[in-house]
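What follows is a single structure, written as structure tokens, with notes after it.
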There are 2 protein chains.
Amino acid sequence: MTHTVTVSFVSAEGGKPRRARVPHGATVLQAALDAGVEIAATCGRRGRCRSCRVKAISGTIAPPAVQDSVQLGHEAVHERFRLACQMPAIADCTIMPAPPAGEAGHQILAGAAGVDVASLKLDSGIEKRALRATVPQDEHNQSSDLEEVLRGLPRGTDRTVSVDVLRQLPKALRAEGGLLTATTFLGRVIHLEAGDTADHAYGMAFDVGTTSVVGALMDLRTGETLASVSAVNAQAVFGGDLMSRIAYAQFNDAKLQTLRGRILNQLNEFIEKSCSDAGVSAEHIYKIVVVGNTCMHHICLGIDTSYVGLAPYAPAVRYAIVVPAGDLPLKRAPNAQVCFLPIVAGFVGADTIAGVIATRIYESEGIRLLIDIGTNGEVVMGSRDKLLACSAPAGPTFEGGQVKHGMRGAAGAIERVTIGDDVACQVIGDAPAVGICGSGLIDAAAQMLEVGILEDNGRLRRNGLEQLPERIRRRFVTDGDGRAFALVAAADSGKNEDIVLTQNDIRQLQLAKAAIYGGVMMLQKIMDVPDARIEEVLLSGGFGNYVNIDSAIRIRLLPKLPRERITYVGNAALLGAQLALLSETERRRAEDIVRRIEHVSLATRVEFQDIFVDACNLAAPAR
Amino acid sequence: MTHTVTVSFVSAEGGKPRRARVPHGATVLQAALDAGVEIAATCGRRGRCRSCRVKAISGTIAPPAVQDSVQLGHEAVHERFRLACQMPAIADCTIMPAPPAGEAGHQILAGAAGVDVASLKLDSGIEKRALRATVPQDEHNQSSDLEEVLRGLPRGTDRTVSVDVLRQLPKALRAEGGLLTATTFLGRVIHLEAGDTADHAYGMAFDVGTTSVVGALMDLRTGETLASVSAVNAQAVFGGDLMSRIAYAQFNDAKLQTLRGRILNQLNEFIEKSCSDAGVSAEHIYKIVVVGNTCMHHICLGIDTSYVGLAPYAPAVRYAIVVPAGDLPLKRAPNAQVCFLPIVAGFVGADTIAGVIATRIYESEGIRLLIDIGTNGEVVMGSRDKLLACSAPAGPTFEGGQVKHGMRGAAGAIERVTIGDDVACQVIGDAPAVGICGSGLIDAAAQMLEVGILEDNGRLRRNGLEQLPERIRRRFVTDGDGRAFALVAAADSGKNEDIVLTQNDIRQLQLAKAAIYGGVMMLQKIMDVPDARIEEVLLSGGFGNYVNIDSAIRIRLLPKLPRERITYVGNAALLGAQLALLSETERRRAEDIVRRIEHVSLATRVEFQDIFVDACNLAAPAR
């Protein structure tokens, strides 16, 4: 995209706004320079200080970078504070430069609320120390290489080391005459090498989703994200959704190993690619945090997933796990300790916990709702007092599955629909429409409901069609799949046929959205929380980025809240993994949260049947 | 050998001895039956009780079996107490049946000394427990397979388990409806399997020597040795002695990996063979104890041995090490934890520590001396107050190396020599002599010294030959290697040439024995211990079994002590490994001993030069 956006700067002291027009994606800091607004950038635009702190007053802004969370804390980020140097301008917006917070410590003042909250401490657990050890010279001296190295490390350093470290010892000690660098994780030596490499300590955070896999290479010493990489999960050839992946490998160890090999291979490639992009050595990756749903977690570890796919969907293990990379194996990062965040239940996995960490709803005073809309979505609701979680399996509909002309959000997909006198479709890539993606489907349904093409119960209107505009009326068609509504006529499509929504497509959408909204309603019921008491809805996951929130509210995919109380928080699972990577405090917090969070199994709740039926409706029943 | 031996039984109450003639190797218990002497065998001849306890009053007896040590304790074994059911009759001997000690506990009364000593506790650290765990059935219940299993184990069981155990979980829990067996090592789960297999817990002890490798499969629950296996170290093709092994792999990782592969392969074969012999599953081997010199220790672990071969011969690590079998890897015993005993110095390794454990000189009131005569021998001297150790590298002479007609103790080797009016040689296998082995060499030198063929300084006599018997005189020959003494004439040999000892052969013998005796003298000097204060000399290692002790004293390979104060203790290194296998108390003791023992580096002691020169003499210089 090469279009431009306008960034307006206002001052807390009032006065005329200053404006700059910058290319889409340029940083707000650049826009400030262009507009002649002075914003300090003490760290050289690296996201390592808070001097360029700004607050977005209006307009759509990008999800926070991890540096925003690291430097400003989550509460401030929720209040739309950002680092100008890290913030891309993605739409017209109004920005207020904020007085920089004190540089000392990590305490920040969280915007309007005025609450002091602790921000992230960089305590990854990884310590690198260059030291000059004595190379044994004296036969009288009863010593060993390891003892000489330990002498240079803090008292209390664990003297038991892995075989791998023992194998590194003789060379590391002697190659540079005793100058070597020891890396410890939580007080245990995990790597030794000759010379002083103490400046190089990296880590990777992975979110292994059923559909896509995302990784971020980070500098453990500064918190900087050095490279990011993402791709479709390489297991996708064995089934698009979780259950087909489980079915593929069920009671078949060879197939489980195939799935495991695929994903480990992919993670290895990600490590290689991001290290190459950032120009760092993968030997200096010492910590890896992996989050993912229970199935992906088990597959990465090589644990049979057969029972995760059968009621009661029990995981083999829920505790946090730390394994040396060599035990998975992740051969590209041979010196890393791989940390898997803990799990709540078979369908509420480590990715959900990571999302809770990232959004900090565990410390929220009011009730917040975290919704990951996806094939295997999850809903978490609560506050610092109580947290509930349930799985909300929407199925593949939002990814275009089980929809006649459904497709992913790629070129040719209808992504926005407006219906007035006629239907107007916005298509990805300015191409002729060949299908409709999840966000288009939601938009279409909302608009069709609005103008009366759909009834509240999801039926395509049969009666009173004559009340609809002529051009709309003509779009009711009947094809081999029964009644349908044509969004794009054959003549205008890229497929030489009408792009339609069938009655069945609408039913699929209703089932998918009811899975999510039914979960929300169920948690609301258990906690006795009416909509009005929900302070904020946090949408996470890839799909949340594209969905038209007004449309989602219109069709009751999301609860009916004022628009400003619904926030898209980006890939919260990855963000949580990044936080756990940079901070052992956060990683330990995950274990506390797993103990606190209560899993609600929807399928076994008698009352859920009625709730689900209700949630299928596109409009709330009259009370 | 099919000859017979006579076992005489005497009673503490006096009376006429009873005798039985039994095949060599028959048990003393069998001999007692044959002789009509009643000895109870409560446990059915399995070495699991003390009812058949006897004391050897006179005659040569075999080294103790591990059951002797387990049941009777080391002190009693030193006092020549044995279990009749485990004791092979290997020579004519006189045996006194002893009153059985109380069966309760492991306290025993140690023979004449009347001292109560604690005997071995069976505390291998391995615990197997069959339990009925709940297979998760209830979706409401937030649980996991691991949590259900841990619920059936003692509080305090470590909840962090290896990836391997996680992989065993789902099947182990469900294959028999929740009935499973969990194995812990020191409170951490190391193996899970379906069903009740709690009766099967085995371990292996390995002594990995430069020349030979010995293994014993043991039942961890009873202390029984179920199978034994030994062979020449499979690395031998890359050099017979330690230094040539080190030189082969020096600064060459591929060659180090070759050596490592050879020995691990051999250990895997040993595991397979002994499990097959004993009819047990290698999956049920949970603990393996490995002892060996520092070089073998490092090679097994894949640690570069380059620096172990260069002054100051520093090991990479001296601490005790525990690694999962998969990390070495020892694939045949996938569920085992492999324990390497600790090391004192580059040439005083875990095998020496095992010998100290086995002989318990660390708790001796008087000064004892433990000598491992071998290519890389070691000497340990001390008592409960102080322990000194040095390496005593005799070189290959005792194995026939660097000796003109030298050979190992195989068929055709002269093993005993008697010289009176003429020379009489005893040859292994009743074959014509083709060479001379180490024990024959020592015997020959002692006899040649006795009758005046050799001078005290090791020179073949030149003057006064006419005083020697005619047949002896004729044996002085001169060949391409200078003067020599023919032990076997060409006509009687299997080689069509004289089997001789050259002047150089004698010099090599002097250097070899001086390495050991010089070490002994050095430790005596440091501790200020004259011969008279040495209560006992304990000979260990394969060679010690064959050496004629009188001859060894005669040529000053051993200090001049009354014959009964010199005891052959068998393969003390393996015995120590077996004790550490059966008892964590003993394994921990090894670490205490390493901290207490003082390493004496002979090469860097100025005074050692004079001592070595003195030690080269075959007779003590006149004072």
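Counting each DSSP H run of 4 or more residues in chain B as -39500 (n - 2.57), what helix-only mean residue ellipticity at 222 nm follows after dividing by all residues, to the nearest 500 deg cm²/dmol? Result for chain B: -8500 deg cm²/dmol, rounded to the nearest 500.
The mean number of Cβ atoms from other chains found within 10 Å of a Cβ in peptide A:342-350 is 2, as a whole number. Which one of A:Ala231, B:Met204, B:Gly435 has its Cα pushed farthest toward the positive end of the charge dipole of the protein assembly as shown, where Lys and Arg give +1 and Asp and Glu give -1 at the Cβ? The Cα lying farthest towards the positive end belongs to B:Met204.
Relative to the other identical copies, B:His24 shows label-point distances of 9.6 nm, where the label point lies 7 Å from Cα along the Cβ direction and values run shortest first. Cross-linked pairs A:Lys55/A:Lys287; A:Lys255/A:Lys331; A:Lys287/B:Lys255; B:Lys55/B:Lys273; A:Lys128/A:Lys287: Cα-Cα separations exceed 24 Å for A:Lys55/A:Lys287; A:Lys287/B:Lys255; B:Lys55/B:Lys273. Under 5 Å from the amide H of B:Ala433 lie the amide H atoms of B:Gly494, each residue being 5 or more positions distant or on a separate chain, with H modelled from the backbone and absent for Pro and chain starts. Rounded to the nearest 20, the Cβ-based charge dipole of region B:473-623 about its Cα centre (Lys and Arg +1, Asp and Glu -1) stands at 280 debye.
A dipole drawn for chain A from +1 and -1 charges on Cβ atoms has a positive end, and of A:Val291, A:Pro562, A:Ile506 the residue lying farthest that way is A:Pro562. Counting from the shortest, the label point at A:Ala410, 7 Å from Cα toward Cβ, is 7.1 nm from the same position in each remaining copy. FRET efficiency for the pair B:Ser58 and B:Asn496, taken as 1/(1 + (r/R0)^6) with r the Cβ-Cβ distance and R0 = 45 Å, rounds to 0.55. Backbone geometry of region B:278-290 corresponds, through the Karplus equation with coefficients 6.51, -1.76 and 1.60 at θ = phi - 60°, to 3J(HN,Hα) couplings of 8, x, 10, 8, 5, 5, 9, 8, 10, 9, 10, 10, 10 Hz, x marking Gly and Pro.
Kirkwood analysis of region A:209-340, using all unique Cα-Cα pairs, places the hydrodynamic radius at 15.2 Å.
In a simple Cβ point-charge model (Lys, Arg +1; Asp, Glu -1; nothing else charged), the protein assembly as shown has a dipole of about 280 debye relative to its Cα centre.
Counting from the shortest, the label point at B:Asp138, 7 Å from Cα toward Cβ, is 6.7 nm from the same position in each remaining copy. Distant-in-sequence amide contacts of A:Val417, defined by a placed amide H-H separation under 5 Å and a gap of 5 or more residues or a different chain, comprise A:Gln426, A:Ala444. In this calculation the C-beta distance from B:Ala603 to A:Glu598 is compared with R0 = 56 Å, giving a FRET efficiency of 0.20. For the rotational copy relationship between B and A, the axis lies nearest to a chain B beta carbon, identified with its distance in whole angstrom as B:Asp327, 4. Using C-alpha pairs below 8 Å separated by at least 6 residues, the relative contact order for region B:448-510 is 23 percent.
For B:Arg462, the shell of other residues with beta-carbons less than 11 Å away shows a net charge of +2, using +1 for Lys and Arg and -1 for Asp and Glu.
DSSP beta bridges fully contained in the protein assembly as shown are about 70 percent antiparallel.
Name the shape class, rounded, prolate or oblate, that the alpha-carbon gyration tensor gives for region B:335-394, where a ≥ b ≥ c are the square roots of its eigenvalues, rounded holds for a/c under 1.5, and otherwise prolate holds if a/b is larger than b/c and oblate otherwise. Oblate, because a/c is 1.5 or more while a/b does not exceed b/c.
Mean sequence separation of contacting Cα pairs (under 8 Å, at least six apart), scaled by the length of region A:306-445, corresponds to a relative contact order of 13 percent. Please compute the contact order of chain B in relative form: average sequence separation of alpha-carbon pairs under 8 Å and at least six residues apart, divided by the residue count, as a percent. After rounding, I find 11 percent. Going toward the positive end of the dipole of the protein assembly as shown, with +1 on Lys and Arg Cβ and -1 on Asp and Glu Cβ, which of B:Ala31, B:Met448, A:Gln467 do you reach last? My answer, from the dipole projection, is B:Ala31.
Which of rounded, prolate or oblate describes the protein assembly as shown when judged by the alpha-carbon gyration tensor and an a/c cut-off of 1.5? Since a/c reaches 1.5 and a/b is larger than b/c, the shape of the protein assembly as shown is classed as prolate. With the cut-off at 1.5 for a/c, could you classify chain B from its C-alpha gyration tensor as rounded, prolate or oblate? Prolate, since a/c reaches 1.5 and a/b exceeds b/c.
Dipole check for chain B: with +1 at the C-beta of Lys and Arg, -1 at the C-beta of Asp and Glu, and the Cα centre as origin, the magnitude is about 360 Debye.
No lab work stands behind these numbers, since they all come straight from the coordinates. Treat the numbers as computed from the prediction; the structure is a model and nothing was measured. Every residue, glycine as well, gets a Cβ built from its backbone with ideal geometry; the counts of neighbours run over all protein chains shown.
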